[in-house]
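The values are calculated or read from the model by the stated rules, or taken from the named source; none is laboratory data. Quick caveat: nothing in here was measured; it's all calculated off a predicted structure. Glycine gets a Cβ as well: all are built from the backbone with ideal geometry, and neighbour counts include every protein chain shown.
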Amino acid sequence: MREATATRSRAPQVLARCRALVRPALVEAVGRSHPWLGEMAGYSFGWCGVGGVPAAGSGGKGVRQALAVLGAEAAGAPARAGVPAAVAVELVHAFSLLHDDIMDGDTARRGRATVWKAYGTGPAVLAGDALFALAVETLALQPPPVGADAVRLLSGALGDLVRGQADDLLFAARPWSGPERVRPDAYRAMAEGKTGALLGCAAALGAVLGGASPAAVAALDRAGRHLGVAFQVVDDVLGIWGDPSVTGKPVHGDLRERKKTFPVLAALDSPAPAARRLAVLLERGGDPGEAAALAEAAGGRAAALAEADRQVAAAESALADAPLAAGAVRDLRSLVDFAVRRDL
């Protein structure tokens, strides 16, 4: 336990180091876009307010950009070799959040209005498109053949991300019970695409730019994909049972929005009597607090935490089996543990 805690305690320093390294290049990339679109991008990263007034926001923890930097270091290259990969994945992540907020109708992110709410839906869509274009350009500017390899890798991850997002949207229309209900294995596949693909791509892209072997690139991609599933499952747990003062989300928020999350799907798959009562309650749109209690009684919370542990173990196994630099693997493991153990 002490070893796991010590590993996790490295993560904030690792994240801060990578953010400081990547920030100037990220600012430069955003600066290549149209000024109005650049303002919206800066707003999404927390760098400014509406109208371009400077702000002190950091744009989040920067897990994806850190994975890219560490991917390069894992290949034995200097950290700066992974910076273009870090910029590209951070731009893609921001693009996906802008569009996700529109699709989900979310009006707030990181304590303030989302881009579409602050600037309008059309401008937010266009800003997201601009970020996507900048990401591709950032990798295409890398010297051949590495640049082409990096663009192909990002393209494949984006295809998986879009498929995962499509499945997530389609899940909303499926019933809570019966043969057409969403099963946990379908959820895993969705989460790997929607969340895991870009995390895996981040680490793999850094490795590609760092000159890693195909085996090392593939191992980092696998580790990131497993981390993505674990991250999404933990996010689901926090969305139901997390402390609102810590998560920034209302208590039982995901149940109130009738989201098909892993704990609920695992509970519905259980033979426990509480599972049947939960299905009936969800079908008629009952009390979220009662639904949370039934999901826990049917084993949904425990199943979700066990699933997160399995995915973390798979990520660590992928890192252990690949020819990677030991120091970078230690830092990668600290990020895995930090991202999954948050506030549980």
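Values as computed for the structure displayed
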item: Any hit, the stretch 302-323, residues being over 29 Å from residue 224 (Cβ atoms) and of a type outside the set (Gly, Ala, Ser); result: no
item: Residue pairs meeting the criteria (Cβ under 9 Å; at least 6 apart or on separate chains; first farther than 15 Å from residue 95 by Cβ and in contact (Cβ under 8 Å) with a residue 40 or more places away in the chain, in the stretch 107-130; second part of a loop (DSSP other than H, G, I, E, B) and of a type in the set (Gly, Ala, Ser)); result: 110/46; 110/57; 110/59; 110/60; 110/248; 111/248; 118/49
item: Pairs with Cβ under 7 Å, 6+ apart, first in the stretch 307-332 and at pLDDT below 95, second not in a helix (DSSP H, G or I); result: 323/213
item: Selection status of residue 164, closer than 22 Å to residue 63 by Cα and assigned to a helix (DSSP H, G or I); result: yes
item: Lone unmet requirement of (1) in contact with a Lys or Arg (Cβ under 8 Å, 6 or more places away or on another chain); (2) buried (at least 21 other Cβ atoms within 10 Å of the Cβ) for residue 332; result: (1)
item: Top-ranked residue of the stretch 29-80 - restricted to ones that are free of Cβ contacts under 8 Å to residues at least 24 places away in the same chain and aliphatic (A, V, I, L, M), ranked as nearest to residue 16 (Cα to Cα); result: 56
item: The stretch 191-228: number of residues that are touching a Leu at 6+ places or on another chain (Cβ under 6 Å) and not in a helix (DSSP H, G or I); result: 0
item: In the stretch 256-277, the residues that are free of Cβ contacts under 8 Å to residues at least 40 places away in the same chain and over 20 Å from residue 188 (Cβ atoms); result: 256, 257, 271, 272, 273, 274, 276, 277
item: Qualifying residues in the stretch 167-187 (those that are touching a residue at least 60 places away in the same chain (Cβ under 8 Å) and not in a loop (DSSP other than H, G, I, E, B)) - the one surrounded by the fewest Cβ atoms within 10 Å (Cβ to Cβ); result: 169
item: Any chance residue 225 is in contact (Cβ under 8 Å) with a residue 12 or more places away in the chain and more than 18 Å from residue 315 (Cα to Cα); result: no
item: In the stretch 13-58, residue nearest to residue 332 (Cα to Cα) [restricted to those that are in contact with a helix residue (DSSP H, G or I) (Cβ under 7 Å, 6 or more places away or on another chain) and among the aromatic types (Phe, Trp, Tyr)]; result: 45
item: Members of the stretch 194-249 found to be under 21 Å from residue 142 (Cβ atoms) and β-branched (Val, Ile, Thr), listed by number; result: 208, 217
